[in-house]
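The block underneath contains the structure these notes are about, expressed in structure tokens.
The values are calculated or read from the model by the stated rules, or taken from the named source; none is laboratory data. Just so we're clear, the structure is a prediction, and the values are computed from it rather than from any experiment. For neighbour counting, all protein chains shown are included, and Cβ atoms are generated from backbone atoms with ideal geometry for every residue, glycine included. All accessible areas refer to the heavy atoms of the entire protein, side chains included, with ligands and DNA or RNA removed. Shrake-Rupley method; radii C 1.70, N 1.55, O 1.52, S 1.80 Å.
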Amino acid sequence: MSTNVFLPQTDASMLIIDPTLENKSSGLCDLLVLAEKSSIQLSLLEKKSNKFLAFEVFPNPEFRENFSWKDHLEVATSKSKILRQYEFSKARICITSTQYTLIPEALHHPGDEQAYFKLNFKEATDVSVHRAHISIYDLFTIYSIENELQKELSHLFQDPKFVHHSEVLLNSVSRLSRNNSGKQLFLNIRQNEIDVIVTEGKKLILMNSFNRNSNEDVLYYTLFVCEQLGIDPERTPFTLLGEIEKESALYKLLYNYIRKISFGERTRTLAFSTKFNELPAHFYHTLFNLALCE
């Protein structure tokens, strides 16, 4: 059981609390956390019903200047109503980074994770290397966690389970694409990165992540992937996930080149309090689908 050590103040940019949470016995929920430099996102998932009952977001717009994971996490945890008022049985934490590589099962050799990682990210320092098995696509994702981040999270939460965002997205996309035998492109929009996933039926064609500083960056990387894979952006279905609205400048820019755009739906195996109805179904896709990774 977690220990409540957080301060009595809240400053979340978004806060959703289901009233029934007040009557729940402590320990009936898991805490899900998405830790990225641009924001900390938290939610409570009732284990028995697989239902989300609470949600908070703490943005960090100044993360590029003198960034410190300790300071970033301290701001969120000291002001979080979820962490201050409710207990949870365990914490699952999603780490986001572009430093990862996918290795097919047939080519993966246990114990060679450091070699796989260094082959792609020679300059990476002060990180620990991890792996996760993505059974749905018969592959492993090899990824890094910054040592400072892992230390701070392990200090805040007892025996947290770490999950890389590539594992979360591949598990969720496998569900979203299972009824379509043709090629599909999924574009997951995050504050400062994007994830591009291409599937064809039950087959994974590509997953890659890119840093972005502008809407034009998103368009460039998306069309670059289409060009490399021979995808017609006017005929191939595109599914948007993450924080993007239909009236946004980014959506309008993409629609100039991509015609068959739709927004992703929530995974049917997960339930949400009616309080979540104010959120578009495709928003915060990575955090909520962390629930699929046990």
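Here's the yes/no breakdown for (1) open to solvent by 40 Å² or more (accessible area, probe 1.4 Å); (2) more than 20 Å from T141 (Cα to Cα); (3) in contact with an Asp or Glu (Cβ under 6 Å, 6 or more places away or on another chain); (4) not charged (D, E, K, R):
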| residue | (1), (2), (3), (4) |
| --- | --- |
| L170 | no, no, no, yes |
| N188 | no, no, yes, yes |
| Q191 | yes, yes, no, yes |
| I194 | no, no, no, yes |
| V198 | no, no, no, yes |
| K203 | yes, no, no, no |
| N208 | yes, no, no, yes |
| Y221 | yes, yes, no, yes |
| C226 | no, yes, no, yes |
Residue among Y137, Y143 that is farther than 15 Å from T96 by Cβ, of a type in the set (F, W, Y), touching a helix residue (DSSP H, G or I) at 6+ places or on another chain (Cβ under 7 Å) and surrounded by 15 or more Cβ atoms within 10 Å (Cβ to Cβ): Y137
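So, restricting to strands (runs of 3 or more DSSP E) that lie completely within the range 9-124, which ones have at least 2 residues that are under 24 Å from N147 (Cα atoms)?
Strands (runs of 3 or more DSSP E) meeting the threshold: 29-36, 39-46, 51-59, 91-95, 100-104.
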Residue within the range 277-287 that is in a loop (DSSP other than H, G, I, E, B), at pLDDT below 95 and under 25 Å from S135 (Cβ atoms) present: no
Which listed residue, of F58, F117, is modelled with pLDDT of 90 or more, within 30 Å of T269 (Cβ to Cβ) and buried (at least 20 other Cβ atoms within 10 Å of the Cβ): F58
Residues located in the range 160-203, provided they are on the phi < 0 side of the Ramachandran plot, without any contact (Cβ under 8 Å) to a residue 60 or more places away in the chain and out of contact with any Phe, Trp or Tyr (no Cβ under 9 Å at 6 or more places or on another chain): R178, N179, N180, S181, G182, K183, E200
